[in-house]
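Student: A single structure is presented below for examination.
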Amino acid sequence: MDDWEQKLVDISRNIMGPLNARVLRQMGLGQTTTAPIAFLENACQAAPAVQELFKTVNRNVLSESLVLFGDKEKKMVDLFEKRVECEGWTGAKGMLVDTSTSGLEDSSLTHVVAGLTLHLAPSPDDVVNDAIRILKPGGVFGCTTPHALHTDGWMTDLKAAFETFPFHAPLSDKERSQITEFGRWYDELWVEEYLKSKGLTDVQVGIEHGAVEVKNAKHWIEVFGPAVAWIVGSEWDEKLKEEHPLSEVHQLLEAFLEKKYGGEGWNFKSAIIVGTGTVCK
């Protein structure tokens, strides 16, 4: 695997694993699952839901099941195929697919997971509508989104670091838990009402509290670098970005974190909303 691929796999195993284990439990999947399923994980980096599925559901059941991973980026599907081969996920298949227009047949699947996707998608309502369309009656939809509290830990460090930069580094106080303009995916009460409004039954919404282990400053950059890139790209003007490229920003951040934590690792609290519901057609 390339370096970036291994980093995503490490995040999937070490950070995303417990969260997706809870999603599957809430969807009724685990060691007691005996009937074949038709499962889709939609656009979630290195496929942590499929990863946990192969840990918890009997392999004999999965050998008779349909297990799919979809993403619109070929490099992510290629990474999934590498994991299938390396980790023995026999029968699992990757496919190029748009989250909001999958093209899959109506009422063809039993479980669909949209992991850490809806708060980023341009049209999350379309993503959910398509998931409901392709689920069979009685099929289960599951989703995860960052709670408002989730950003506290890394944003606290980012704000403090920006204040030490040798130039003015803009950072607004707006909500960081979502990019999309639709909905309030950081609010568990809103997520619950939204899922019910889509006609889902047996809706369950809770918060998975945990801790994210950061090995060192460089690891922090690997995990939160994409979020920093988005903030810089959306809030800094072109002149500032040209004068201080992202590589410099990362170097300054790493130096700040090295000094703050003495070159050691640290933990910060995480909070992710987990929502599930059953399709009634």
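Student: Looking at (1) modelled with pLDDT of 95 or more; (2) polar (S, T, N, Q); (3) in a helix (DSSP H, G or I); (4) surrounded by fewer than 20 Cβ atoms within 10 Å (Cβ to Cβ), which is the one condition that is false for Gln51?
Tutor: Answer for Gln51: the failing condition is (4).
Student: Before we move on, is Pro137 surrounded by fewer than 17 Cβ atoms within 10 Å (Cβ to Cβ), touching a residue at least 12 places away in the same chain (Cβ under 8 Å) and either of a type outside the set (A, V, I, L, M) or touching a strand residue (DSSP E or B) at 6+ places or on another chain (Cβ under 6 Å) (or both)?
Tutor: Details: surrounded by fewer than 17 Cβ atoms within 10 Å (Cβ to Cβ): yes; touching a residue at least 12 places away in the same chain (Cβ under 8 Å): yes; either of a type outside the set (A, V, I, L, M) or touching a strand residue (DSSP E or B) at 6+ places or on another chain (Cβ under 6 Å) (or both): yes.
The answer is yes for Pro137.
Student: Go through region 99-134 and count every residue that is touching a Cys at 6+ places or on another chain (Cβ under 8 Å) and either free of Cβ contacts under 8 Å to residues at least 60 places away in the same chain or on the phi > 0 side of the Ramachandran plot (or both).
Tutor: 1
Student: Within region 176-184, is even one residue part of a loop (DSSP other than H, G, I, E, B) and of a type in the set (A, V, I, L, M)?
Tutor: Step one: of region 176-184, the residues part of a loop (DSSP other than H, G, I, E, B) are 176-184.
Remaining after also requiring of a type in the set (A, V, I, L, M): 179.
So far as region 176-184 goes, yes, one or more of its residues are part of a loop (DSSP other than H, G, I, E, B) and of a type in the set (A, V, I, L, M).
Student: I'd like to verify a number: residues in region 140-164 that are in contact with a strand residue (DSSP E or B) (Cβ under 8 Å, 6 or more places away or on another chain) and among the aromatic types (Phe, Trp, Tyr), how many?
Tutor: Qualifying residue count for the region: 2.
Student: State whether the residues of region 114-130 include one that is small (Gly, Ala, Ser), within 19 Å of Cys143 (Cα to Cα) and surrounded by fewer than 19 Cβ atoms within 10 Å (Cβ to Cβ).
Tutor: Yes, the conditions are met somewhere in region 114-130.
Student: Looking only at region 167-177, decide whether some residue is under 23 Å from Glu41 (Cα atoms) and surrounded by fewer than 19 Cβ atoms within 10 Å (Cβ to Cβ).
Tutor: No: region 167-177 contains no residue that is under 23 Å from Glu41 (Cα atoms) and surrounded by fewer than 19 Cβ atoms within 10 Å (Cβ to Cβ).
Student: Would you confirm whether any residue within region 60-71 is of a type in the set (S, T, N, Q) and touching a helix residue (DSSP H, G or I) at 6+ places or on another chain (Cβ under 7 Å)?
Tutor: Checked region 60-71: no residue is of a type in the set (S, T, N, Q) and touching a helix residue (DSSP H, G or I) at 6+ places or on another chain (Cβ under 7 Å).
Student: Being over 19 Å from Thr117 (Cα atoms), outside any strand (DSSP E or B) and free of Cβ contacts under 8 Å to residues at least 40 places away in the same chain is true for just one of Phe167, Phe162. Which residue is that?
Tutor: Every option except Phe162 fails the conditions.
Student: I'd like to check something: does region 225-240 contain any residue that is of a type in the set (S, T, N, Q), in a helix (DSSP H, G or I) and under 25 Å from Gly115 (Cβ atoms)?
Tutor: Yes, there is a match, as at least one residue in region 225-240 is of a type in the set (S, T, N, Q), in a helix (DSSP H, G or I) and under 25 Å from Gly115 (Cβ atoms).
Student: What's the number of the only condition in (1) surrounded by 15 or more Cβ atoms within 10 Å (Cβ to Cβ); (2) farther than 13 Å from Phe165 by Cα; (3) at pLDDT 95 or above that Glu242 fails to meet?
Tutor: Going through (1) surrounded by 15 or more Cβ atoms within 10 Å (Cβ to Cβ); (2) farther than 13 Å from Phe165 by Cα; (3) at pLDDT 95 or above one by one, Glu242 breaks only (1).
Student: Here's a follow-up. Inside region 210-244, can you point out the residues that are farther than 16 Å from His168 by Cβ and without any contact (Cβ under 8 Å) to a residue 24 or more places away in the chain?
Tutor: Passing the criteria: Pro226, Ala229, Gly233, Ser234.
The values are calculated or read from the model by the stated rules, or taken from the named source; none is laboratory data. This one's a predicted model, so the numbers in the text were calculated from it and none came from an experiment. Cβ: placed from backbone, ideal geometry, glycine included. Neighbour counts: every protein chain shown.
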